[in-house]
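Visitor: One structure is given below, represented as structure tokens, and several questions about it will come after.
All of the numbers you see were taken from the coordinates with simple rules; none came from a lab. Fair warning: this is a prediction, and the values are worked out from it, not measured in the lab. Because the Cβ atoms are built from the backbone with ideal geometry, glycine has one as well, and the counts that use them run over all protein chains shown.
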Amino acid sequence: MLGFLLVVLFSVSRVSTSDTEVSQSERSPSESYFRSIWHNRLYLYSAAALVFGIWFSLKMALKKKSFPSDIGPWVYKAVQNKDLSDRNGVVHVSGVKIFYGSQTGTAKGFAIELSEEVKALGIPAEVTDMKDYDPDDQLADECTSKSVCVFLVATYTDGRPTENAEWFCKWLEEASTDFRYGKTYLKGLRYAVFGLGNSVYVGHYNTVGKNVDKWLWMLSGMRIMTRGEGDCNVVKSRNGSIQADFLAWKVKFLNCLQSLSKGEKKSCSGNCKSGGSCKNKRKDGQVGEEEEKAALQNASSEEDLIESSSDEDESGLRDEKKPGSVVDMEDLGNIMNGTRKAKSEKEGRGDGQMVKLSRLNGVKKTEDEGERREMITPALREALTKQGYRLIGSHSGVKLCRWTKSMLRGRGGCYKHTFYGIESHRCMETTPSLACANKCVFCWRHHTNPVGTEWRWKMDPAEKILQDAVEKHQNMIRQFRGVPGVRPERYEEGLAVKHCALSLVGEPIMYPEINTFIRLLHSHHISSFLVTNAQFPQEIRSLVPVTQLYVSVDASTKDSLKKIDRPLFKDFWQRFLDSLTALGEKRQRTVYRLTLVKAWNVEEMQAYSELIALGQPDFIEVKGVTYCGESSASTLTMANVPWHQEVVAFVQQLADMLPQYEIACEHEHSNCLLIAHTKFKVDGEWWTWIDYERFQELVQAHEESGGQQSFSALDYVAKTPSWALFGACEQGFDPADTRFQRRNKTKDISGC
């Protein structure tokens, strides 16, 4: 090509030279000079092109020496842009504002943790409580401040926002549909959302997080990353716990934030959701080899950290497809069928085994008992240990009751001692299941225990639980050796456990091996007092005989039960009624336990009497709610605690409505009274106490006969002492002990 160009130039020059010679004599010197330049203009053009080509070649050669050969031109462009922005002092992220909506403090803790991580990157960060922020006046300013807004929001009862986030969410919802704000009201706002919830609440899981994300998007806010979701349910949590879910999301967010602060934009991998055009795609529809490798590395690293929790559907086929790959039309149906199948396999469960989908190869895999997750997460273990629990295995616990300590020192026993003759210093309070199906407002564990509607965790053997429970209980008793006031004979008796109160926390009846556990207790001559929250009727029916079976009746109507117990089951009321019916079918001692919460459930007298007629319990314990301190998870205050006189008045009215029941005992120190069926009143005397030795004989005979030899509550009764009866001057305090009054203790009248 170059040779052909030279030949043409030479011919033209010869022609122009001959023309010049012919006409040179006819023109002036100046005209000849300019005409000569005009005729030789091709030489000038060629020289200019040659000089430009040499300059361009040298420049490209110098660039190749400055950067490694394996880095593509787009990387150089990014570096060049970064250097330019650095020289110009451009700020892409002015700071991060972290908003939290929290009820129990988890979201607040996450917000503080994230703030510290952001500050470590050299980016200013600010933590804001949603109740202290006016979105109507301030949120629009975030659109132009170059800040990034992060929303850490928890979902509370019935899918509602937490109390401190109610106004913010209400305003955001109304603004998203209000034409006066317009659809572009928050255009320019960069945001990220992380929701906190519990997948046990199927209909309300992370509702608030999803709504906040949706409302911000409707107002033209720009997501900087996919919404994250933390799950308190360790069984279905993507990373094993809500703390791990947040950690995975946090790592991804910090990576995204670093990219934004450098002015970088996320490169297109060719996997755009919409089928429209993509500005970042090349004209031929293919992604460069180096860019494809980089996209694959980024995608794989992000997928290892966190899975999508929003509207994206994942399947096992996704990881097998490379970004930018082309799918034939005839294969589309097969891919969609495979996606549905993979999703169903991931969600499906069979034969009591957990089924999950491997994200590496999409192969179905069953999870046996050894692969199930533990109920107690590290964070939960730390919280419960701080509260004084001695944890056993992965789902059980034991704790020393304050009445056990009191009776060791001769300062009186609990109401069970007054009502049923329990020796409080020989009673072990434990549970084989820390999980519960309710989140009661008066929970004295402040909702630190997990919740669930069925057993989906690792399971420890009953023998191991009982052995460790007794051992840990004895170790706690040994700590009282030599303590001033502890009676030596009671200390020695306390080391030999005689009673077991399965009422520590959670729902003991959820434990699949509860019958085995109860049989083990009886084989060690330990009586059993089991408490259930009336949400598992079938388990109540299949329960082996226990010394005394309790059902918590915290409310008498559907609405008040939902408000007080906050059950997880959607059919909680039917389960509640069915549980009471199942209790009435038991032949051993049965008890309704009523907890009175002033201004919540003390006015439902007639409804209570109807529930009592349904289950026909042997006894009804009526106790004023115990205030266990301020809790962010409950609105209960001292104003909701009734006085003992108020409890007595309630019990007297209730007993008058029950023809077969009378008030039998009282324990003023626990603010508790006992209503007993008149069948336990023989010849004018109450027999509410238990003959524990007789019970052990009866239950042993029952087991040896294979369940053929049954027995009833009246077969192991004992006479109630006079000091325990209602109306006695002792008011239920054992005269063998000494009542201890704290010195200089002012009377608290906040319950009035």
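Visitor: With θ set to phi - 60° and the Karplus curve 6.51 cos²θ - 1.76 cosθ + 1.60, what are the ³J(HN,Hα) couplings of the stretch 197-205 in order, to the nearest whole Hz, using x for Gly and Pro?
Guide: x, 9, 5, 4, 7, 4, x, 10, 5
Visitor: Please say if the stretch 556-605 is rounded, prolate or oblate, where rounded means a/c under 1.5 for a ≥ b ≥ c the square roots of the C-alpha gyration tensor eigenvalues, and otherwise the choice is prolate for a/b larger than b/c and oblate otherwise?
Guide: oblate
Visitor: Could you compute the FRET efficiency for residue 681 and residue 653, with r as their C-beta to C-beta distance and R0 at 25 Å, rounded to 0.05?
Guide: About 0.80, to the nearest 0.05.
Visitor: Sticking with this one: Is the shape of the stretch 89-231 best called rounded, prolate or oblate, per the rule: a/c under 1.5 gives rounded, else a/b larger than b/c gives prolate, else oblate, with a ≥ b ≥ c the square roots of the Cα gyration tensor eigenvalues? Provide the component values of the computation, followed by the final result.
Guide: On the way: a/c = 1.79, a/b = 1.16, b/c = 1.54.
Oblate.
Visitor: How charged is the neighbourhood of residue 243? Take every other residue with its Cβ under 13 Å from the Cβ of residue 243, and add Lys/Arg as +1 and Asp/Glu as -1.
Guide: Computed value for this residue: -1.
Visitor: Also: Per residue, how much space in cubic angstrom lies within the convex hull of the C-alpha atoms of the stretch 645-684?
Guide: Hull volume normalised by residue count: 64 Å³.
Visitor: Going down the table (416/586; 439/679; 210/439; 210/558; 250/439; 119/210), which pairs top 25 Å between alpha carbons?
Guide: 439/679; 210/558; 250/439; 119/210
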